[in-house]
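Enquirer: Here's a structure for you.
The values are calculated or read from the model by the stated rules, or taken from the named source; none is laboratory data. Keep in mind it's a predicted model, so treat the numbers as computed, not measured. Neighbour counts are summed over all protein chains in view; Cβ atoms, including those assigned to glycine, are modelled from backbone coordinates with ideal geometry.
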Amino acid sequence: MAIAAQKATKSGLSLHGLGVICGLTAGVWLGAAEAPTKLVTAGFSPFAISLCMVAGVFTARWTFPTLLKGTSYVYADLMEKKHLIVWALLAGALWAVANTLTVFAIRDVGLAVAFPLWNTNSLVGLLWGRLLFRELEGASGKNVAKVVVGAVAIVIAAVMLGFSTINGGGVAGHHAVGGILAAAGASLMWGTMYVPYRKAYLSGMNPLSFVTAFTVGELGTVLALTLALDGGWHSKAFELLHMPGVVFWLFLGGFVWVIGDLFQQFAAKYLGIGRGIPLSNTNQLWGLAWGALVFGELATADRPHKLLVMAGSVVMILGALAISTAVASAKEHTSTNEAVARECDRYGLDYNKTLAAQAGDEFGGRDERRHWWDYAIVVAAVGVFVWLGARAVVPPLAMNLHWVTVLAGLLLLSVIAGGWSLWRRTRFS
């Protein structure tokens, strides 16, 4: 991490600070991404919602790497680390399963409550980070205390929110137990998904390259789930694909999710999964905002249950922040360097080059020129969104448009701040 320390003063922004900004930006966008899945309340199959949303994710995931780095850069990066392609596909598959489960959870317990339940994925990621990548090894007692207290707070918050859901109060319907189980399953899948993330970034892969392969696993898995569990080729998911007025909003949800996930990937790279993921899990706050302010999910809940949901949300966020503010010590950086060395020995990677990648200085001399097919990819993706948007209709949902405008403005401000910080510090590396 000596290289990282030298670069830390390059733009006046440390890598830890950059990671924090990325994590917070990820929270804002990931929180907004699930709002379009509220369409499931209009009678659409959860598999249909998930398939259309992932189709939007697939379209956007190929667009951003092409726009920011170019396909030549991404291809060269993937070919240097072919073993990570399999890990990226696996991560995409886990994401697809988790995303489908979240749609069931939203249907059964509502967006405002489902979010904090599945955000216990930070505990799962923290466990894997400690067991597999020696995160927190050499940490000070203060840092360990922050992580432990934060983890306990997240568990307590999940119990509080689950209890408030089961006991009704207008927050959820009679399928509350099923919704809780779906959210818990999503937590397990997403928490495990971060293992390939960390493995990729310890090996020096650019997040933009990783998500390009990641998206293939996403789309393939959700398509397989739809065919196997939702009526095969007769699934209503394929009927929904012929409803551009509705599909636009799900594609838009996928687009928003991709932006949030890209920032989450950079947060995981610069902070590690034990710190970066809890920070991005502030998306719970933004999910609560969309669910409660825009869709009025808590409008019929009584005062005790509203207070319980709010208290659980606050406790979960404080727990995540306690973990994220545990700044890595020199001993922890040494442990990380040892993990990098193991990956380099295992796969024949250049140790110094990989360490440079940890500081956002990866492949500085690599070709980032744009070719005609790069522009064709971007134009095609934009064309899909324009075509769907021209046919879009207002979703059959009651929404507070004032709060939609306010939250959309916050989305724009956050992506400007996060994108500028990444560009100034690492040129999206």
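Enquirer: Would you check if Thr212 is under 29 Å from Leu349 (Cα atoms), within 16 Å of the chain's Cα centre (by Cα) and of a type in the set (Ser, Thr, Tyr)? Break it down into steps so the answer makes sense when it comes.
Expert: Details: under 29 Å from Leu349 (Cα atoms): yes; within 16 Å of the chain's Cα centre (by Cα): yes; of a type in the set (Ser, Thr, Tyr): yes.
Here the answer is yes, as Thr212 does meet what is asked.
Enquirer: Checking Val340 against (1) under 29 Å from Thr212 (Cα atoms); (2) aliphatic (A, V, I, L, M); (3) free of Cβ contacts under 8 Å to residues at least 60 places away in the same chain, only one condition comes out false. Which one?
Expert: (3)
Enquirer: Sticking with this structure for a sec: Can you tell me which residue in segment 101-142 is modelled with the highest pLDDT, limited to those that are at negative phi and in a loop (DSSP other than H, G, I, E, B)?
Expert: Here is the first cut: in segment 101-142, the residues at negative phi are 101-109, 111-133, 135, 137, 139-142.
Retained after the next criterion (residues that are in a loop (DSSP other than H, G, I, E, B)): 119-120, 135, 137, 139-140.
Numbers: Asn119: 71, Thr120: 78, Glu135: 80, Glu137: 81, Ala139: 80, Ser140: 84.
Among those residues, the one meeting the criterion is Ser140.
Enquirer: Go through segment 303-329 and report how many residues are buried (at least 20 other Cβ atoms within 10 Å of the Cβ), over 17 Å from Ala157 (Cα atoms) and at pLDDT 80 or above.
Expert: Qualifying residue count for the region: 0.
Enquirer: Suppose we filter segment 124-148 for residues that are in contact (Cβ under 8 Å) with a residue 12 or more places away in the chain, small (Gly, Ala, Ser) and out of contact with any Lys or Arg (no Cβ under 6 Å at 6 or more places or on another chain); how many remain?
Expert: Qualifying residue count, segment 124-148: 4.
Enquirer: Which residue pairs have Cβ atoms closer than 7 Å, lie 6 or more positions apart in sequence or on different chains, and pair a first residue in segment 193-205 that is more than 14 Å from Leu126 (Cα to Cα) with a second residue that is modelled with pLDDT under 85 and β-branched (Val, Ile, Thr)?
Expert: Taking only residues 6 or more apart or on different chains, the pairs are Ser203/Thr354; Gly204/Thr354.
Enquirer: Which one of these is surrounded by fewer than 15 Cβ atoms within 10 Å (Cβ to Cβ) and of a type outside the set (Lys, Arg): Glu343, Glu332, Glu338? Quick ask: steps written out before the conclusion?
Expert: Values: Glu343 fails: surrounded by fewer than 15 Cβ atoms within 10 Å (Cβ to Cβ); Glu332 fails: surrounded by fewer than 15 Cβ atoms within 10 Å (Cβ to Cβ).
Only one candidate qualifies: Glu338.
Enquirer: To continue, here is another question. Which residues, taken from segment 57-100, are within 29 Å of Ile154 (Cβ to Cβ), modelled with pLDDT of 85 or more and not aliphatic (A, V, I, L, M)?
Expert: Trp87, Gly92, Trp95, listed by residue number.
Enquirer: Now a separate question. Between a first residue in segment 262-277 that is under 17 Å from Arg61 (Cβ atoms) and a second residue that is of a type in the set (Lys, Arg) and not in a helix (DSSP H, G or I), which pairs have beta carbons less than 7 Å apart while being 6 or more apart in sequence or on different chains?
Expert: none
Enquirer: Mind checking which helices (runs of 4 or more DSSP H) fall wholly inside segment 189-273 and carry at least 2 residues that are out of contact with any Cys (no Cβ under 6 Å at 6 or more places or on another chain) and modelled with pLDDT of 85 or more? Write out each step before concluding.
Expert: Details: elements: 207-229, 236-240, 244-271.
By residue number, 207-229, 244-271.
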